[in-house]
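Notes for the one structure printed next.
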There are 2 protein chains.
Amino acid sequence: MQRILPSPRRPLTAAGTRGLATSAARRANRAVVYHGTGDPRSVLHATTYPDLPRPPPHALNVRLLLAPVNPADLNVVEGVYPARPAPADALAPGHALARPVYVGGSEGLAQVTDVGSDVRGVSEGDWVVMAGQQLGTWASARTLSAEDVVKLPPGLSEVNGATITVNPPTAYNMLHDYVKLQEGDWVMQNGANSAVGQAVIQIAAKEGLKTLNFVRSRRVQDDLDSLKQQLKSLGATEVLTYDELEDKSLGERVKGLTGGKPLRLLLNCVSGPATTQMVRLLGADAHLVSYGAMSRQPLALPTSAFIFRNLACHGFWQSRWYQTHSRAEREALLARLARMQLKEPEHEVVVLPAHESDADATERIRKVMEALAKGQHGKKVLLRIEQP
Amino acid sequence: MQRILPSPRRPLTAAGTRGLATSAARRANRAVVYHGTGDPRSVLHATTYPDLPRPPPHALNVRLLLAPVNPADLNVVEGVYPARPAPADALAPGHALARPVYVGGSEGLAQVTDVGSDVRGVSEGDWVVMAGQQLGTWASARTLSAEDVVKLPPGLSEVNGATITVNPPTAYNMLHDYVKLQEGDWVMQNGANSAVGQAVIQIAAKEGLKTLNFVRSRRVQDDLDSLKQQLKSLGATEVLTYDELEDKSLGERVKGLTGGKPLRLLLNCVSGPATTQMVRLLGADAHLVSYGAMSRQPLALPTSAFIFRNLACHGFWQSRWYQTHSRAEREALLARLARMQLKEPEHEVVVLPAHESDADATERIRKVMEALAKGQHGKKVLLRIEQP
């Protein structure tokens, strides 16, 4: 993985007054695309296309600064995700393709480079994030409908801007939409070191909520200790491992921790037997909200938990939230999250350099996919696709 | 099972004007009790106790006319049900027991035989049902707090009166409390021939809802045909078997049936793999409401159904409903159900005759438990405990 470069950490000049980082006219753009769904290691490839012409009246051109490779993006490429990108017949006008392509990526930070004549409220140089899904952010430049972008609230780093539309709102909404929690209340979650999990820990801590966090045990105790330390530094109240769920006295230990306060919210991205065991720790009238299933096993629960303990189970999908909420609500949520100044997720920036051929860029992106498929990436991968 | 007698079908004189069916003073009463939880076949026994004295000011004496043996009652005796009866130190004043007993039964129809001086709105001769749970209805006579009974709405048979507080309200509330259904909408359920299932079919039909009902297949096709016919005569729109869930074209068939209308409510008393398969037939934003788990297997669902199809799972427990609703709400619900004139559930009345010894009555009740344990009872058992 030596070709994956660390984040260059370009400093901001000042919040809201970022310099427009364009240069002289480029010859071309580049995108990571696929013709048909399949294994990302074999179907993804880099392709170049001409510089974009001026945008139509209701659209704008953007240069993508940084776009994450989220797990869901891989599922989209694999064809196993319920949301699909629209196929593109051309990546730039006059650049007809032999067959339609799909541009990978759904989330991303972009800078506006040109604004259509009828677009109001967005100016050249503004930083924007995607308000729609599956717009194809693994590209150096795109023409987007003005409806599809939201201006980024001020004060965020590139990395936080590029990762603000999926994981932090997932965490925020799951903490707010199901149970009315009061300061001092406890929330339980698994996959606590996932990107969403870390956002949950931070948002909960900022709101005076306590978190009971579960993670996988590590072969080396030091690794576990340092993970626990890391999560606690984010604001985690307590970090336990799934192995500890086997401990028959855990219920009593948890009661000791919470002072007997019932746990009424469980956030789940794991499912499988560990989650079944966690449900036993819940109090009456609790809500289990699922946003992932990393165990690839079903969520299997005793029916009695529903009937006699009034458990309710839901799923949360930030894409649905966007579909069912107005532009004003989206902007308000992003502003709220921006004010929280969450810590940047652990990440690696992968650059597709300007000087590289499409073939070499394809090889580079497939290596990233290989590493992700093997689970070698603890960190979030962010793509920076330079204009070739 | 030759000692289980058919219902004597005592005709009512007229709705609301039932004759007070007491006679000259009785020597004694009888109850089916247990000292400690365990297998109902071995811990239950019949015991006699003296005639009841006049009730205290806020209480009333009732003679139990008919009390069902519900599956939950057996779970209570087994000690595996979350609700417990209060132990009775005496079944009648001055009749101290060597050790406390629990009187079995929670549901039942009773006739008021004597009214405490401060009780208003209830008179001698009124038919009442239990407003509280686990009051001990497997008895010939009890003294109850006036708060614990609700006057039965007029126009109901003994059997309908004795079975109106658990199954029909479970069906009614599950149909109304989770999804706002419109006339012509479809509801799916399993265990459709259970007592609740039959109430669901009838209430849905009366409200213009269509039902997609699942039942176990039968070894003999005629048995299945006659079950289907029976459920359709109650108002079932369609009856399918769990075996048909294996049929890959079932999704298309169901679409044909419903005209593509999405199924948004699934009522579950089975759980296990068949229920998992039924969930695939649900549309988006559906609610799965569980009130039983006859398969004794967990409810195992793909997490994706929660996340991407916005499935929500709940449990319904009529006991909780009573705890969280006012007396006026309870009475309104029973009145609404009484007006619906649901068909009597299939039943057998088991009489513990007056002339029988406690030992013989114990043997009789244990035989009933044996038959229930072996699943030999398709019909609801109703106890009529005569005053010995």
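The values are calculated or read from the model by the stated rules, or taken from the named source; none is laboratory data. Model, not experiment: these values are computed from the prediction. Glycine also receives a Cβ, built like all others from the backbone with ideal geometry; neighbour counts cover every protein chain displayed.
All of (1) in a strand (DSSP E or B); (2) within 14 Å of chain B (Cβ to nearest Cβ); (3) in contact (Cβ under 8 Å) with a residue 40 or more places away in the chain hold for A:Arg384 with one exception: (2). On the stretch given as segment B:260-273, residues that are crowded, with 19+ Cβ neighbours inside 10 Å and within 14 Å of another protein chain (Cβ to nearest Cβ) total 7.
Of the residues making up segment A:128-152, those that are assigned to a strand (DSSP E or B) and either farther than 25 Å from A:Trp317 by Cα or among the charged types (D, E, K, R) (or both) are A:Ala141, A:Arg142, A:Thr143, A:Lys151. Evaluation of B:Ser140 against the conditions (1) touching a helix residue (DSSP H, G or I) at 6+ places or on another chain (Cβ under 9 Å); (2) crowded, with 22+ Cβ neighbours inside 10 Å shows that the sole unmet condition is (1).
Hey, does segment A:107-120 have a residue that's at pLDDT below 95, out of contact with any Phe, Trp or Tyr (no Cβ under 6 Å at 6 or more places or on another chain), closer than 14 Å to A:Leu60 by Cα and not charged (D, E, K, R)? Looking through segment A:107-120, none of the residues is at pLDDT below 95, out of contact with any Phe, Trp or Tyr (no Cβ under 6 Å at 6 or more places or on another chain), closer than 14 Å to A:Leu60 by Cα and not charged (D, E, K, R).
With a requirement of 2 or more residues that are in contact (Cβ under 8 Å) with a residue 60 or more places away in the chain, within 14 Å of another protein chain (Cβ to nearest Cβ) and in contact with a Pro (Cβ under 9 Å, 6 or more places away or on another chain), the helices (runs of 4 or more DSSP H) lying completely within segment A:286-347 that satisfy it span A:318-323.
Scanning segment A:19-50 for residues that are among the charged types (D, E, K, R), modelled with pLDDT under 95 and more than 16 Å from A:Ala110 (Cβ to Cβ) returns a single hit, A:Arg27.
Of all the residues in segment A:29-44, those that are closer than 18 Å to A:Arg84 by Cα and either in a strand (DSSP E or B) or touching a His at 6+ places or on another chain (Cβ under 8 Å) (or both) number 5. Selection of segment A:108-143 for residues being of a type in the set (A, V, I, L, M, F, W, C) and either under 18 Å from A:Asn167 (Cβ atoms) or under 22 Å from the mean Cα position of the chain (by Cα) (or both) yields A:Leu109, A:Ala110, A:Val112, A:Trp127, A:Val128, A:Val129, A:Met130, A:Ala131, A:Leu135, A:Trp138, A:Ala139, A:Ala141. Every condition in (1) under 17 Å from B:Met174 (Cα atoms); (2) over 22 Å from the mean Cα position of the chain (by Cα); (3) at pLDDT below 95 holds for B:Leu209 except the one numbered (3). Just one of the listed residues (A:Leu257, A:Leu282) is away from chain B (no Cβ under 11 Å) and touching a Pro at 6+ places or on another chain (Cβ under 8 Å), and it is A:Leu282. Considered as a group, the residues in segment B:51-73 that are of a type in the set (A, V, I, L, M) and modelled with pLDDT of 95 or more include one that is nearest to the chain's Cα centre (by Cα), and that residue is B:Val69.
Is it the case that B:Gly315 is surrounded by fewer than 19 Cβ atoms within 10 Å (Cβ to Cβ), small (Gly, Ala, Ser), modelled with pLDDT of 95 or more and in the same structural domain as B:Lys180 (by TED's automatic domain parsing)? Against the criterion (surrounded by fewer than 19 Cβ atoms within 10 Å (Cβ to Cβ), small (Gly, Ala, Ser), modelled with pLDDT of 95 or more and in the same structural domain as B:Lys180 (by TED's automatic domain parsing)), B:Gly315 does not qualify.
Screening the candidates B:Leu288, B:Leu352 for the property of being out of contact with any Asp or Glu (no Cβ under 8 Å at 6 or more places or on another chain), modelled with pLDDT of 95 or more and either surrounded by 19 or more Cβ atoms within 10 Å (Cβ to Cβ) or assigned by TED's automatic domain parsing to the domain that holds B:Trp127 (or both) yields one hit, B:Leu288. Only a single item in (1) facing another protein chain (nearest Cβ under 9 Å); (2) assigned to a strand (DSSP E or B); (3) closer than 15 Å to B:Leu245 by Cβ is not met by B:Thr276, and it is number (2). Evaluation of A:Ala236 against the conditions (1) out of contact with any Ser or Thr (no Cβ under 7 Å at 6 or more places or on another chain); (2) within 30 Å of A:Met340 (Cβ to Cβ); (3) of a type in the set (A, V, I, L, M) shows that the sole unmet condition is (1). Might you check whether a residue that is of a type in the set (Val, Ile, Thr) and assigned by TED's automatic domain parsing to the domain that holds B:Arg218 occurs anywhere in segment B:140-159? No, that holds for no residue. Within the option set A:Val112, A:Val122, being among the aliphatic types (A, V, I, L, M) and either free of Cβ contacts under 8 Å to residues at least 60 places away in the same chain or not assigned by TED's automatic domain parsing to the domain that holds A:Ser157 (or both) holds for one residue only, A:Val112.
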